2 protein chains.
Amino acid sequence: MDDQLSRVFAALADPTRRDMVARLTEADATVGELAAPYDVSVQAVSKHLKVLEEAGLVTRSRDAQRRPVHLEAEVFDLMTKWIERYRRRAEERYQRLDAVLAAMQEKESPARGTSTKEGPAS
Amino acid sequence: MDDQLSRVFAALADPTRRDMVARLTEADATVGELAAPYDVSVQAVSKHLKVLEEAGLVTRSRDAQRRPVHLEAEVFDLMTKWIERYRRRAEERYQRLDAVLAAMQEKESPARGTSTKEGPAS
DNA sequence: ACCTTCTTCAACTGATTGGTTGAATAACCG
DNA sequence: CGGTTATTCAACCAATCAGTTGAAGAAGGT
């Protein structure tokens with residue numbers, strides 16, 4: 001797993017990390033703040049953040065001892081682009097398939113209302 | 001990792017699986033056909049398909065000895081919904097932030113470009 | 001029936017993951 | 001300087017993952 005798209009998908013495959021991302025859409029937060037609601041150690045959350053950071057989903061700055069975490073929402077576009085691209089292709093294919101089926105209907109229906117489709121000449 | 005959203009993200013975190021999904025947008029395919037381009041055993045591809053299937057991304061039917069794999073593109077919507085939801089929230093937040101910054105600019109701008117951040121009132 | 005084709009199941013392996021605890025680092029507060 | 005707070009690093013562990021090989025199932029072809 002080395003490309004960014006893979007890292008982003010993998011990062012969001014974990015419910016805890018998704019929840020952190022969700023909360024970060026509301027406000028930046030420190031590691032400690034992020035860790036508070038979960039029943040795991042701060043270190044574990046720190047590791048989760050590292051995953052999100054390596055995926056490019058968050059960045060961290062420095063404020064005294066704190067390391068505020070900031071969401072980088074642009075990375076979402078990477079996924080959206082991939083998803084939409086292939087969903088569109090899939091949908092186009094369904095349309096082609098529909099056309100083929102319609103053609104078959106027409107051809108192989110030598111008179112006779114063969115159930116559903118009516119395909120009267122046109 | 002037990003909810004479907006997690007499974008879908010996890011499934012797509014693998015480049016091989018993404019590529020399989022991409023190819024399935026063009027046409028249904030058998031396990032063997034799907035395996036052909038990759039430098040791994042057919043069994044490995046069969047496992048990948050199981051992951052995609054458990055994520056709800058593909059279904060399999062039966063055609064003689066073959067098990068044609070079919071893409072179920074609707075599941076994409078699950079991800080798109082999640083992503084868009086939080087991206088929208090993040091964007092709204094940026095707008096709020098912009099407003100706040102603009103307000104601060106106006107208020108605290110008695111001369112002085114103090115570059116970075118500055119504790120107001122301190 | 002046999003044989004071939006396509007696919008999956010089972011067992012094993014090495015790498016990665018998500019968690020732990022304990023020690024180290026970084027920066028502030030007196 | 002010493003102490004406190006926030007965070008990370010390091011080592012370890014159990015579970016999962018992605019791959020392997022070998023055997024078993026399932027369905028047709030002859």
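For the range A:53-62, backbone phi angles converted through the Karplus equation (6.51, -1.76, 1.60; θ = phi - 60°) give residue-by-residue couplings of 5, 5, 7, x, 7, 9, 10, 10, 10, 10 Hz, Gly and Pro being listed as x. With a cut-off of 12 Å between beta carbons, the residues surrounding B:Lys81 carry a summed charge of 0, where Lys and Arg count +1 and Asp and Glu -1. Once the Cβ-Cβ distance of B:Arg67 and A:Val100 is raised to the sixth power relative to R0 = 30 Å, the FRET efficiency obtained is 0.85. One decimal, nm, shortest first: give the distances between the label point of A:Ser41 and those of the same position in the other copies, each label point 7 Å from Cα along Cα→Cβ. Those label-point separations list as 3.7 nm.
In nanometers and ordered shortest first, the copy-to-copy spacing of the A:Asp77 label point, defined 7 Å from Cα toward Cβ, is 2.6.
Might you tell me the accessible area per residue for the range A:4-101, computed with a 1.4 Å probe and given in Å²? Each residue of the range A:4-101 exposes 52 Å² on average to a 1.4 Å probe.
Seen from B:Pro37, the other residues with C-beta closer than 12 Å to its C-beta sum to a net charge of -2, counting Lys and Arg as +1 and Asp and Glu as -1. The interface between chain B and chain A buries about 3100 Å² of solvent-accessible area in total (1.4 Å probe, ligands and nucleic acids excluded). Across identical copies of the chain, A:Tyr94 has label-point separations of 3.1 nm, listed in ascending order, with the point defined 7 angstrom from Cα along Cα→Cβ. Packing, taken as the mean count of other beta carbons within 10 Å per residue, orders the peptides B:4-17, B:37-50, B:72-85 from highest to lowest as B:4-17, B:72-85, B:37-50. Relative contact order for the range A:4-71: 40 percent, from Cα pairs under 8 Å spaced at least 6 residues apart, divided by residue count. Expressed as a whole percent, the accessible surface of the range B:4-71 that belongs to carbon and sulfur atoms is 48, based on a 1.4 Å probe. Shielding of peptide B:82-93 by partners, expressed as the average count of other chain Cβ atoms within 10 Å per residue Cβ, is 6.
Look at where the Cα atoms of the range A:67-85 and of the range A:1-60 average out, and the two centres are 13 Å apart.
The values are calculated or read from the model by the stated rules, or taken from the named source; none is laboratory data. No experiment lies behind these values; they were computed from the predicted model shown. FYI the Cβ positions are ideal-geometry reconstructions off the backbone, even for glycines, and counts take in every protein chain you see. For accessibility, only protein heavy atoms count, side chains too; no ligands or nucleic acids. Shrake-Rupley method; radii C 1.70, N 1.55, O 1.52, S 1.80 Å.
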